[in-house]
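Accompanying notes for the structure given below.
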Amino acid sequence: MDTSSRHEIFLVAPPGLEAPLYAEAVERGFAGARIGEGGVTVEGPWDEAWRANLELRGASRVLVRIASFRAMHLAQLDKRARKLAWSEVLRADRPVQVEATCRRSKIYHSGAAAQRIATAIREELGAPIAADAQVVVKARIEDDLVTISVDTSGEMLHKEAVNRAPMRETLAALFLRQAGYDGSGPVFDPMCGSGTFVIEAAEMAAGLKPGRDRRFAFEQLANFDAAAWAAMRTAGANGVPVARFYGSDRDPGAIRMSRANAERAGVADWTSFAEADIADIVPPEGAPGLVIVNPPYGARIGERGAVTPLYRTLGRSLARFSGWRVALITTEAGLARATGLPFAAPYPPVSHGGIRVSLFVTPPLK
């Protein structure tokens with residue numbers, strides 16, 4: 001485990017959104033990017049994992065792969081786990097937890113596998129094992145190949161207070177990218193909830209680093225360099241967006257929450273939130289941009305009919321937005337069609353809160 005050499009770094013994405021995360025990783029200059037199931041693999045030394053946590057909006061977790069070996073049974077797993085140079089990565093004075101998954105392997109009991117690796121770490125390194133430890137070692141055993149990774153992210157706390165049916169910031173960022181948003185124009189969310197899409201778009205336009213105010217698990221690793229990390233966090237000047245970012249919602253509590261979230265994120269000067277019913281929305285002044293909206297889905301059986309009128313109202317209101325593109329997140333094409341807007345074929349479905357949703361996007365409205 002030479003921590004100065006290059007490692008595979010796995011960027012976790014919601015299945016179905018690997019492509020926009022890949023595009024972001026390439027844009028940010030990460031080497032060797034390639035798409036895989038559930039994420040994107042890049043290559044680099046440990047500080048590239050720090051940078052991924054700091055700069056990538058779409059990665060929900062960043063894992064560094066530190067070892068790979070064959071194991072046909074638990075005794076072999078135990079023996080090979082004890083040979084790893086844990087002290088190069090983990091600290092003896094910081095608790096660790098171990099998680100394991102097994103697929104198509106002679107070792108099929110994930111709990112027993114995790115226990116063997118945890119025992120190896122405790123006895124060889126001396127680190128305590130705790131179920132709530134921030135440092136997590138992950139073992140994936142597939143076709144008898146054991147891959148050991150360290151989760152460098154830790155607990156990914158939401159930056160924002162959230163309203164009902166919240167959209168995670170990482171998911172919002174990937175949907176914005178999938179919708180073709182590049183930070184250069186205005187964004188409007190007419191059902192903004194806690195303001196996530198509006199705030200993410202403003203941060204993207206300003207070049208703010210999404211991990212700038214977070215704490216990460218890699219800060220508790222043996223190879224962490226606090227001075228280098230401090231320099232990385234402060235490097236690069238933030239810009240001032242030329243566009244503005246707008247949100248509206250009929251719920252006054254949502255508007256108060258959105259404004260507070262924008263203030264916390266440092267983008268209040270570039271965002272505007274107003275209480276408005278969906279039937280009453282009008283385009284903001286200035287150049288057209290992107291409308292992005294995540295309306296109710298009527299997810300339970302029998303509810304689709306109840307939400308269809310809302311989609312019709314949304315479509316009639318957005319018909320006023322000449323020159324704007326519309327991005328709609330919903331569960332089925334029938335609801336998108338109910339708007340009467342000229343959506344192209346949807347992007348692949350993605351799980352959001354356990355519900356399969358897809359992004360539908362129009363060309364500029366006439």
- Query: Which of the residues that make up region 61-72 are in a loop (DSSP other than H, G, I, E, B) and open to solvent by 30 Å² or more (accessible area, probe 1.4 Å)?
  - Reply: MET72
- Query: Residues in region 97-139 that are open to solvent by 40 Å² or more (accessible area, probe 1.4 Å) and of a type outside the set (Gly, Ala, Ser): how many?
  - Reply: 17
- Note on the structure: The strands (runs of 3 or more DSSP E) lying entirely within region 308-366 that contain at least 3 residues which are in contact (Cβ under 8 Å) with a residue 12 or more places away in the chain and over 18 Å from ILE281 (Cβ atoms) are 350-352, 355-361
- Item | Filtered residue count, region 229-265, keeping only those that are open to solvent by 30 Å² or more (accessible area, probe 1.4 Å) and in a loop (DSSP other than H, G, I, E, B) | 10
- Examine region 78-88 for a residue that is free of Cβ contacts under 8 Å to residues at least 12 places away in the same chain and touching a strand residue (DSSP E or B) at 6+ places or on another chain (Cβ under 7 Å), and state whether such a residue exists. no
- Item | Residues satisfying the stated conditions in region 1-17, i.e. more than 15 Å from THR152 (Cα to Cα), touching a strand residue (DSSP E or B) at 6+ places or on another chain (Cβ under 8 Å) and open to solvent by 30 Å² or more (accessible area, probe 1.4 Å) | MET1, ARG6, PRO15
- Item | Residues that are over 17 Å from the mean Cα position of the chain (by Cα) and not hydrophobic (A, V, I, L, M, F, W, C), drawn from region 208-238 | GLU219, GLN220, ASN223, ASP225, ARG233, THR234, GLY236, ASN238
- Task: Taking LEU157 as meeting all but one of (1) out of contact with any Asp or Glu (no Cβ under 9 Å at 6 or more places or on another chain); (2) surrounded by 20 or more Cβ atoms within 10 Å (Cβ to Cβ); (3) at pLDDT below 95, write down the number of the exception.
- Result: (2)
- Looking at (1) open to solvent by 30 Å² or more (accessible area, probe 1.4 Å); (2) of a type outside the set (D, E, K, R); (3) touching a residue at least 24 places away in the same chain (Cβ under 8 Å); (4) not in a loop (DSSP other than H, G, I, E, B), find the lone condition where ALA75 falls short. (3)
- Out of (1) without any contact (Cβ under 8 Å) to a residue 40 or more places away in the chain; (2) of a type in the set (Asp, Glu); (3) in a helix (DSSP H, G or I), the odd one out for ASP93 is which? (3)
- Message: When the residues of region 1-58 are narrowed to those that are part of a strand (DSSP E or B), β-branched (Val, Ile, Thr) and out of contact with any helix residue (DSSP H, G or I) (no Cβ under 8 Å at 6 or more places or on another chain), which ends up nearest to GLY180 (Cα to Cα)?
- Response: VAL12
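The values are calculated or read from the model by the stated rules, or taken from the named source; none is laboratory data. Here the structure is a predicted model, which is why all the values come from computation and not from measurement. No Cβ is skipped: glycine too gets one built from the backbone with ideal geometry, and neighbour counts run over all protein chains shown. For accessibility, only protein heavy atoms count, side chains too; no ligands or nucleic acids. Shrake-Rupley method; radii C 1.70, N 1.55, O 1.52, S 1.80 Å.
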